[in-house]
């Protein structure tokens, strides 16, 4: 066997590990879910699926999904781009804090975001006078809140890569600051903006927890509709039809985003001195401040609500977390939910890191060609496929041989790992790709074998990205709700499931406990993100 | 006619003084090179002239008008960087036409006029037929030519060149340096060039200023600076091989050129030549053959170890005794 074919065999063997994982725990369950819809009675009946797409209610759901996601994306880009400039191209006191605060909402459990917004705009809340409770505007605002960090981090990375001298050259040629922005800076940022916008659209269109907690009976998007059809109406054909539509649209979007990203210049991260703000930058800084206030307000109101019950203030809601709630809303105390969440998130992040780093390693090989492109796209799929579909697919396919995991404690961690996998690949991949391959060649020529090259060239550069990715995956798993809501058993719930149960049950004590549990969950996720932020991995949270 | 005048200019970055009370003149129609090692503050000086750095004190004026408070885009200068900084989302013609497309700018031209001007500029820099190419497909030298055409597009009052040829390899640099000289003359441009490469400065400029640690240590025409370097450091930076001081300098003067007077002297490598009729004697310490000549290191009696050259075929084995002559046009008193 010659050297080239031995190398290829090694790559294939290495790729087999995550591929098997993806097939068994993503494609198989999702496929199973879709098959239920297309073969309802064991025979292929596509007509029923087409019939679903003709229902007026489905039209309303599709229309709401489309316009809420589109308007949320537009607002997110408008809010985020100036902030990206401020925190990536200026140096001012508190910049690192702003960078960290901006990322916090992204890892917050969607249920918490929904609860926090409702708390803010409820008739009794601080912004109750605006009358936003139960409106589509409130849902769009919550979606924006959730996704600003995607724009800030992705566009910021592009902004850092623009050589300021290019803008200076334009200014020297007579372009006013506004003309420089329009003719030089924005064209260079465009791939980043399009890439971020397509991912934000994706997240908004597949958002589950936010729409479920805020939409009430009036508003449903495709994701909550799939949930409703599968759990309430047991209409699997309808759910499958919507899932197929979602997968098609999302695959198309991901392909578009990948194309735009490829056409962009490679991100070069040479450190450049970043200037202090001048008077001309005051509007941008004010804008940044306003955005930070917008991001912090729901959290502030959440924290306030957690400290009161009725008219009395204190820590009673936190103390109540040790109980099962008013009229036993829960089967186990909320603290046990926290414990379950932590252990499950830990397991899930280990899985996601193990599989994700192998995928990142494979897609960062310079000589990969077509194969790596396909791999990269394949492992991005979980980003866009409805978590509800994944969760339900798990439920109906992994309950019998060959894979019977019904009673396995690994079921939820595996599902969450699939959801977090794309984030790990996106964090670690760019860092590995930034290593000049000639360094590996130099190490090999000095006598280092492939494993030693990995340990002495790749690892010293990538270890921070690996830890950051693990932390990121942990935070995301902690808040995962879409898939988990299907899989969590009542006697072993995660904290987001506990919160959802509590707000679904009436009673001031249950509501107070939901607030307190949300604060605990948000604080845990935020603490993890703050720790990870200190590692300064530029690719984290970029798309 | 007055062009650029820099008076007493100081630029600080925190506690560091990057440019220290610098005075410099670039008369209209001339090309002045600011020559200095990296980190001497020459690029900061250029950026301050462009309006990209705010001086702590001093003034920059052009044709008598003070430029303090005039933003970069209203100065009517053009700036060309070491790596061109072409706009990768525009083709070559789009890059060159960039300043002509800016509304409300004095260089704004109508569409047909733009096309004609782009064609003129492409032929000026020797890139006819490149209009539709993308900058990514160009070689380093071609990119710099496009950057130059773009900078010349609106006939700037002053062209600022930041190490325009430094990123190119040697052969290309030499060719492009002489092209740059001709292009600037043909365009009648007023230009300020900063570089660390003395050959680039000599090839392109009419006048030069030598900069060190934020200060201008010497300025004048090329010939003035070349013939009378201000000090030993300047001489070596200009490419003189050795500087002799004190007794060694006096001995060399007495031996070789008693009619000259100097206290210290800078010698080019070719100032001393192995010559059977020469007045000095020396021992060969080292010899190395190059395509044009033999480079030798000699121990010259009374003056110490010095570099010299010998014609190809001369017997200069290590240890050989030779006679040496000095070419006084290749030495400069310091």
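The values are calculated or read from the model by the stated rules, or taken from the named source; none is laboratory data. Because the structure is predicted, anything quoted here is derived from the model rather than measured. Ideal geometry is used to build each Cβ from the backbone, glycine not excepted, and the neighbour counts take in all protein chains shown.
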Subject >> strands (runs of 3 or more DSSP E) completely within the stretch B:18-121 that count 2 or more residues being modelled with pLDDT of 90 or more, buried (at least 22 other Cβ atoms within 10 Å of the Cβ) and touching a helix residue (DSSP H, G or I) at 6+ places or on another chain (Cβ under 8 Å) >> reply: B:31-35
Original post:
Are any of the residues in the stretch B:174-189 at pLDDT 85 or above, within 14 Å of chain A (Cβ to nearest Cβ) and closer than 27 Å to residue B:44 by Cβ?
Top reply: no
**OP:** For residue A:222, indicate whether it is more than 14 Å from chain B (Cβ to nearest Cβ), more than 27 Å from residue A:38 (Cα to Cα) and either crowded, with 17+ Cβ neighbours inside 10 Å or modelled with pLDDT of 85 or more (or both).
**Re:** no
**OP:** Return only the number of the condition from (1) farther than 29 Å from residue A:259 by Cβ; (2) away from every other protein chain (no Cβ under 14 Å); (3) more than 18 Å from the chain's Cα centre (by Cα); (4) part of a helix (DSSP H, G or I) that residue A:242 does not satisfy.
**Re:** (1)
**OP:** Within the stretch A:446-482, track down each residue that is part of a loop (DSSP other than H, G, I, E, B) and surrounded by fewer than 24 Cβ atoms within 10 Å (Cβ to Cβ).
**Re:** A:446, A:447, A:448, A:449
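Per-residue answers, yes or no, for (1) surrounded by 14 or more Cβ atoms within 10 Å (Cβ to Cβ); (2) more than 33 Å from the chain's Cα centre (by Cα):
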position	(1), (2)
B:278	yes, yes
B:290	no, no
B:296	yes, no
B:302	yes, yes
B:310	yes, no
Original post:
Looking at A:288, A:335, which is the one that is touching a helix residue (DSSP H, G or I) at 6+ places or on another chain (Cβ under 9 Å), surrounded by 15 or more Cβ atoms within 10 Å (Cβ to Cβ) and touching a residue at least 24 places away in the same chain (Cβ under 8 Å)?
Top reply: A:288
**OP:** Please enumerate the residues belonging to the stretch B:40-83 that are under 30 Å from residue B:169 (Cα atoms) and away from every other protein chain (no Cβ under 14 Å).
**Re:** B:40, B:41, B:42, B:45
**OP:** Please verify whether the stretch A:126-138 includes one or more residues that are away from every other protein chain (no Cβ under 14 Å) and over 30 Å from the mean Cα position of the chain (by Cα).
**Re:** yes
Original post:
Can you name the number of the only condition in (1) within 14 Å of chain B (Cβ to nearest Cβ); (2) touching a helix residue (DSSP H, G or I) at 6+ places or on another chain (Cβ under 6 Å); (3) assigned to a helix (DSSP H, G or I); (4) buried (at least 24 other Cβ atoms within 10 Å of the Cβ) that residue A:117 fails?
Top reply: (1)
**OP:** Could you tell me which residue of the stretch A:168-182 is farthest from the other protein chains (Cβ to nearest Cβ), considering only residues that are assigned to a helix (DSSP H, G or I) and surrounded by fewer than 19 Cβ atoms within 10 Å (Cβ to Cβ)?
**Re:** A:181
**OP:** Restrict the check to the stretch B:54-72 and report whether at least one residue is in contact (Cβ under 8 Å) with a residue 24 or more places away in the chain and over 30 Å from residue A:277 (Cα atoms).
**Re:** yes
Original post:
When residue A:512 is evaluated against the numbered criteria (1) out of contact with any strand residue (DSSP E or B) (no Cβ under 8 Å at 6 or more places or on another chain); (2) surrounded by 21 or more Cβ atoms within 10 Å (Cβ to Cβ), which criterion, by number, is the only one it fails?
Top reply: (1)
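Conditions (1) assigned to a strand (DSSP E or B); (2) within 27 Å of the chain's Cα centre (by Cα), marked per residue:
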| residue | (1), (2) |
| --- | --- |
| B:270 | no, yes |
| B:283 | yes, no |
| B:314 | no, no |
| B:317 | no, no |
| B:322 | yes, no |
Subject >> Top-ranked residue in the stretch A:139-162 [being within 14 Å of chain B (Cβ to nearest Cβ) and in contact (Cβ under 8 Å) with a residue 60 or more places away in the chain; ranked as surrounded by the most Cβ atoms within 10 Å (Cβ to Cβ)] >> reply: A:158
Original post:
Out of all the residues in the stretch A:264-285, which are surrounded by 11 or more Cβ atoms within 10 Å (Cβ to Cβ) and modelled with pLDDT under 80?
Top reply: A:264, A:265, A:267, A:269, A:272, A:274, A:275, A:277
Subject >> Matching residues in the stretch B:115-136 - criterion: being more than 14 Å from every other protein chain (Cβ to nearest Cβ) and over 19 Å from residue B:188 (Cα atoms) >> reply: B:115, B:116, B:127, B:128, B:129, B:130, B:131, B:132, B:133
Original post:
Among (1) in contact with a helix residue (DSSP H, G or I) (Cβ under 8 Å, 6 or more places away or on another chain); (2) assigned to a helix (DSSP H, G or I); (3) within 14 Å of another protein chain (Cβ to nearest Cβ), which single condition is residue A:198 missing?
Top reply: (3)
Original post:
Looking at A:378, A:355, which is the one that is farther than 19 Å from residue A:493 by Cα and surrounded by fewer than 19 Cβ atoms within 10 Å (Cβ to Cβ)?
Top reply: A:378
Original post:
Got a sec? Which of A:372, A:347 is without any contact (Cβ under 8 Å) to a residue 24 or more places away in the chain and in a helix (DSSP H, G or I)?
Top reply: A:372
**OP:** Output the residues belonging to the stretch B:84-114 that are touching a residue at least 60 places away in the same chain (Cβ under 8 Å) and either closer than 16 Å to residue B:131 by Cβ or facing chain A (nearest Cβ under 8 Å) (or both).
**Re:** B:85, B:86
**OP:** Taking the options B:243, B:210, name whichever one is under 25 Å from residue B:299 (Cβ atoms), buried (at least 18 other Cβ atoms within 10 Å of the Cβ), touching a residue at least 40 places away in the same chain (Cβ under 8 Å) and touching a helix residue (DSSP H, G or I) at 6+ places or on another chain (Cβ under 7 Å).
**Re:** B:243
**OP:** Go through (1) more than 25 Å from residue B:245 (Cβ to Cβ); (2) in contact with a strand residue (DSSP E or B) (Cβ under 6 Å, 6 or more places away or on another chain) one by one and return the number of the condition residue B:289 breaks.
**Re:** (2)
Subject >> Residue among B:221, B:234 that alone is in contact with a strand residue (DSSP E or B) (Cβ under 6 Å, 6 or more places away or on another chain) and buried (at least 17 other Cβ atoms within 10 Å of the Cβ) >> reply: B:234
Original post:
Residues A:38, A:64: which one is surrounded by 12 or more Cβ atoms within 10 Å (Cβ to Cβ) and touching a helix residue (DSSP H, G or I) at 6+ places or on another chain (Cβ under 7 Å)?
Top reply: A:38
